[in-house]
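> Input: one structure, supplied below.
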Amino acid sequence: MNNLSANYERILEVLRKISKDQLLPYQRREPKLCDLELISLSLTAEFMGIDSENDLFRKLPTTISSKIERSVYNRRRRG
């Protein structure tokens, strides 16, 4: 499992087994990328040693990058 997409899918699968909640209740409008997917993306970046958002967003496959912008990712990750 060397590529980002495969690692992301595997981590997301494990998170879905652990948690039934997809979104936290505080969000006004429903985002394209649910909270579990955001957490999975963050954990995947940590696992693969990607410490820069620049590097992460360069390596993201289009299926994931079309769901979230960099500023939204950063804001939701910190929140």
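The values are calculated or read from the model by the stated rules, or taken from the named source; none is laboratory data. What you are looking at is a predicted structure, and each value in this text was computed from that prediction instead of being measured. Virtual Cβ from ideal backbone geometry, glycine too; neighbours counted across all protein chains shown. Note: accessible area is taken over every heavy atom of the protein model, side chains too, but ligands, DNA and RNA are not part of it. Shrake-Rupley method; radii C 1.70, N 1.55, O 1.52, S 1.80 Å.
> Put +1 on the Cβ of every Lys and Arg and -1 on every Asp and Glu Cβ in the chain; which of Ile11, Thr62, Val72 then has its Cα farthest towards the positive end of the dipole?
Val72
> To continue, here is another question. Compute the distance in nm between two label points, each set 7 Å from the Cα along the Cα-to-Cβ direction, one at Asn3 and one at Glu53.
Roughly 2.6 nm, to one decimal.
> Please give the per residue accessible area of the chain, computed with a probe of 1.4 Å over protein heavy atoms only, in Å².
72
> Which whole-number percent gives the relative contact order of the chain, counting Cα pairs below 8 Å spaced six or more residues apart?
Relative contact order here is 35 percent.
> Please give the FRET efficiency for Arg29 paired with Thr62, using the beta carbon to beta carbon distance and R0 = 22 Å, rounded to the nearest 0.05.
Once the sixth-power term is evaluated, E becomes 0.45.
> Considering only protein heavy atoms and a 1.4 Å probe, what is the carbon-and-sulfur percentage of the accessible area of the chain?
50
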